[in-house]
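What follows is a single structure, written as structure tokens, with notes after it.
No lab work stands behind these numbers, since they all come straight from the coordinates. Just so we're clear, the structure is a prediction, and the values are computed from it rather than from any experiment. Heads up, the Cβs are rebuilt from the backbone with ideal geometry, glycines too, and the neighbour counts pull from every protein chain shown.
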Amino acid sequence: MGGFFGVVSKSGCVEDLFYGTDYHSHLGTKRGGLVAHHRGEFIRFIHNIENAQFRSKLQDDILKMRGRLGIGVISDYEDQPLIIGSHLGVYAIVTVGVVRNLDELAKNVFGKRAAHFSEMSGGEVNPTELVATLINQEATFEDGIRHAQDAIEGSCSILLLTDKGIYAARDKLGRTPVVTGAKDGACAVTLETCALPNMDYEIDRYLGPGEIVWITEDGIERKQPPGDRVQICAFLWVYYGYPSSHYEGINVEVVRNRCGAALARRDSVEVDLVAGIPDSGTGHAIGYANERHLPYARPFVKYTPTWPRSFIPHNQRVRDLVAVMKLIPIRELIEDKRLVFCEDSIVRGTQLKQTIQRLYDCGAKEVHMRPACPPLVYGCKFLNFSRSRSELDLAARRSLCRIEGDGNASPEAYIDPDSENFQRMVEGVRKRLNLTTLQYQRMNDLVAAIGLPKEKLCTYCWDAAEP
Ligand code: SF4
């Protein structure tokens, strides 16, 4: 998915920029980049972060950076930040989201003579460059950002750095959060609010959907008011957000605890221990254990010194290797035990199947699974949640396709948790994963745990609901 961070400071911005961007490392595994503006010059560094962390890759670079204005990005796909020369002036830009109609928009650009794209590594148009090209088609940055967001199918949140300040724009339906922070002498803008407190920033405001602000040393000026429809991604709270972050003022860990409690209230299975698949299952499991007054334990610990990131690498072989290497079982907490595990979600189920087998290999008597969200049956089309994942690979989708005997069967008839179809689909997943029991979260419980009205949440990957 990716994340970004920006700073405008009366003194130097580089240190805050570096650490603030680093706090988005769980959101992407491909590229990390920073750009600062100093005395008429943009100083930029981009690194491949597939094999080493953002901090270790950029820690020497920041010694060469100066300036009071800067933006940074963790990108799960394209090279960013880009520095663009245009009739609007020179600027730098980072984006988060997915441009689904990239080819069509690129074709339109080529329709205008003398247009070109220069960031073609990998043979594809760089989506951030396309966004910049759309912005450049208008007379001002505000109009350009509006134009780009109107043209894009998918979602696109933007930070745009000029020599005077930063434009921050949240995507039109607010699928991703954009939040400003303030401290004496500096303003920050971030996707993850967990980037703020350790650098003494207080949350200043949560931008609304489609809102555009202009951040300078003098403060924050609204350039476009928020729209009235928001569809923030519910999966942020369930899985890929950081526990100490807040979206729309609602903390991630607190929601995970409530998700676990909701699962527990519908459960009466007899177990010895409650556990979470680390890291993102932990908050759900604590909520479950507390609600049922059962002991919480860690039968698996994660080897954090060298496997700290929780986001999934795109390459399947690397994913499988990481899945085995980063989790270390503790036999004393597994052998002869009946275990209930809370998990954020079951995506493909491939790694989970291995993890469950390892529990049986260590002597587990029973393994019960309680995912914190309903079965995933549709692929995400708004956030580039994982480009490489086909929705037909989703564990629940495969199960229902097997029932239907049709590899392309529609999930529509399998969404109602009270239907026989749903039960059969879940039973298919349970069998494949070799679980003793499997019980998913219900959509209304997930929505209640988040605490926003359902119409303000994107729940597309579970029920295909769209406004
Ligand atoms: S489809 Fe799923 S992952 Fe994508 S924005 Fe909606 S809730 Fe989030």
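Only DSSP H runs of four or more residues enter the estimate; each adds -39500 (n - 2.57), and after division by the residues of the chain the mean residue ellipticity at 222 nm equals -8500 deg cm²/dmol. In sequence order, segment 226-238 has phi-based couplings of x, x, 9, 10, 10, 9, 5, 5, 5, 5, 4, 6, 6 Hz under the Karplus curve 6.51 cos²θ - 1.76 cosθ + 1.60, θ = phi - 60°, and Gly or Pro positions carry x. Measuring from a point 7 Å past the Cα of Ile83 along Cα-to-C-beta, which residues in segment 56-72 have an amide N at less than 16 Å? In segment 56-72, the label zone of Ile83 (backbone N under 16 Å from the point 7 Å along Cα→Cβ) covers 61-72. As a length-normalised measure over Cα pairs under 8 Å and 6 or more apart, the relative contact order of segment 254-451 settles at 22 percent. Using the Karplus relation 6.51 cos²θ - 1.76 cosθ + 1.60 with θ = phi - 60°, the per-residue 3J(HN,Hα) values for segment 370-384 come to 10, x, 7, 9, x, x, 7, 10, 10, x, 6, 10, 10, 10, 6 Hz, with x marking Gly and Pro.
Here is the result for segment 40-82: no trypsin sites (Lys or Arg not before Pro) lie in DSSP coil with at most 13 other C-beta atoms within 10 angstrom of their C-beta. Proximity of backbone amide H atoms, modeled 1.01 Å from N, is registered between His38 and Ile43 at under 5 Å, excluding neighbours fewer than 5 places apart on the same chain. Net charge near Gly33: determine it from the other residues with C-beta under 15 Å of the C-beta of Gly33, scoring Lys and Arg +1 and Asp and Glu -1. Residues near Gly33 contribute -3 overall. Histogrammed with a bin width of 5 Å, the alpha carbon distances of segment 3-230 distribute as 1, 8, 16, 21, 22, 17, 10, 4, 1, 0 percent, first bin at zero. Under a cut-off of 25 Å between alpha-carbon atoms, report the lysines in cross-link reach of Lys353, not counting same-chain residues fewer than 8 places apart. Straight-distance partners of Lys353: Lys302, Lys326, Lys337, Lys365, Lys431. Dividing the convex hull volume of the alpha carbon atoms of segment 345-467 by its residue count gives 116 Å³ per residue.
Using the alpha-carbon positions of the chain, Rg (one decimal) and Dmax (whole number) come out as 22.6, 71 Å. Loop-located trypsin sites (Lys or Arg not before Pro) in segment 231-336 (DSSP state not H, G, I, E or B) with no more than 13 neighbouring Cβ atoms inside 10 Å: Arg266. The tail of the calculated P(r) for segment 223-273 beyond 15 Å holds 59 percent of all Cα-Cα pairs. Could you run the Karplus curve 6.51 cos²θ - 1.76 cosθ + 1.60 with θ = phi - 60° over segment 337-343 and give me ³J(HN,Hα) per residue in whole Hz, x for Gly and Pro? Computed from phi, the couplings for segment 337-343 are 9, 9, 10, 10, 10, 9, 10 Hz.
Sparse packing (at most 16 other Cβ atoms within 10 Å of the Cβ) combined with a DSSP loop state is found for none of the chymotrypsin sites (Phe, Trp or Tyr not before Pro) in segment 10-40.
Normalised Debye scattering of segment 171-279 at q = 0.17, 0.19, 0.22, 0.24 Å⁻¹ gives log10 I(q)/I(0) of -0.86, -0.99, -1.20, -1.32, counting only Cα atoms as equal scatterers and leaving out solvent. From the largest down, segment 254-451 spans 44, 37, 33 angstrom on the principal axes of its Cα atoms. Only one residue of Leu88, Cys187, Val98 has its Cα farthest out toward the positive end of the dipole of segment 77-187, where Lys and Arg carry +1 and Asp and Glu -1 on Cβ, and that residue is Cys187. Each of Val131, Ile328, Phe4 was scored by the projection of its Cα onto the charge dipole of the chain, and the greatest displacement toward the positive side belongs to Ile328; charges sit on the C-beta of Lys, Arg, Asp and Glu.
Between Lys10 and Tyr303, full extension at 0.36 nm per residue minus the direct alpha carbon distance yields a gain of 101.5 nm. Of all aspartates and glutamates in the structure, those lying under 16 Å Cα to Cα from Lys10, and not within fewer than 8 positions of it along the same chain, are Asp163, Asp184, Asp200, Glu217, Asp218.
Based on alpha-carbon atoms, the Kirkwood radius and the radius of gyration of segment 5-60 give Rg/Rh equal to 0.97.
What aspartates and glutamates does Lys64 reach when the alpha-carbon gap must be under 13 Å and sequence neighbours fewer than 8 apart in one chain are set aside? In chain and number order, the partners are Glu15, Glu41.
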